[in-house]
């Protein structure tokens, strides 16, 4: 017999109507937060970032592809990785479906990683993805938007991530979970931790590019589509460790 509280349909409806009011308030708060994001001051981007894409070399303005807005997902796939981060991969599984809708609403969506384009193309084919994915290899793009650090910066600490300074970390000072995930990417824990997840937003007005917003860590929760469904499932996220895999690594269900 279940240990969860049970009741009549009337009990459920009364509790559901009370919860509905809280959900509506959360929706209003979310709308207000979105307005605050859009009200942030824009920061002009003058640096000439270069990328490798399926269509050839590209600049940051090129990634807009005729749209006035650009969303970049900073996908954890470093130069020394053999495969992309499984968490980023789970998030990216949703990109195929809505990238086309965004593009028809004046917003281009790209993933950007430091791995060379050949690696990205191979992994993209494996995952069955069609969304645009650019390599920033040789560019300062990932470093300037605080999602990548050098080995020296990692050792010394003090670089910014999620708007806070990162601690100094030696090669031996790697959390077991990070080492475990790193092994699924074909690299070691310290190397894996030199790339971090995030997203950044840009706008182009009168030929000038501006950086408008970035989010990192739990700030990406809203982009993780599977979690939005789990939060509405009877047992919620119900997590014990890292339960997810790349979608082609699960056994039969």
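Just a few scattered comments:
- Rounded to 0.05, the FRET efficiency of the residue 26 and residue 106 pair, given R0 = 30 Å and the Cβ-Cβ distance, is 0.60.
- Which of 108, 1, 76 has the fewest Cβ neighbours within 10 Å, and the rest in rising order: 1, 108, 76
- Given R0 = 30 Å, the distance between the Cβ atoms of residue 228 and residue 151 translates into a calculated FRET efficiency of 0.25.
- Axis angle, to the nearest 10 degrees, between helix 117-127 and the longest C-alpha principal axis of the chain: 20 degrees.
- Against the main long axis of the alpha-carbon atoms of the chain, helix 9-38 sits at an angle near 20°.
- Sorting 245, 9 by the number of Cβ atoms found within 10 Å of their own Cβ, with the fewest placed first, yields 9, 245.
- Within the listed set 25, 160, 151, the residue fluctuating most in the Gaussian network model of the chain (springs between alpha-carbon atoms under 10 angstrom) is 25.
- Helices in the chain, meaning DSSP H runs of at least 4 residues, each add -39500 (n - 2.57). Divided by all residues, the mean residue ellipticity at 222 nm is -10000 deg cm²/dmol.
- Arranged from fewest to most other beta-carbon atoms within 10 Å of their beta carbon, 231, 144 become 231, 144.
- The length gained on full extension between residue 80 and residue 130, counted as 0.36 nm times the residue separation minus their Cα-Cα distance, comes to 15.7 nm.
- Bridge orientation summary for the chain: considering DSSP beta bridges with both residues in this region, about 75 percent are antiparallel.
- Cα gyration tensor, segment 102-161 - rounded (a/c under 1.5), prolate or oblate: oblate
Rule-based calculations on the coordinates, nothing more; no lab input. All of these numbers come straight from a predicted model, not from anything done at the bench. Cβ coordinates were reconstructed from backbone atoms using ideal geometry, including for glycine residues, and neighbour counts include every protein chain displayed.
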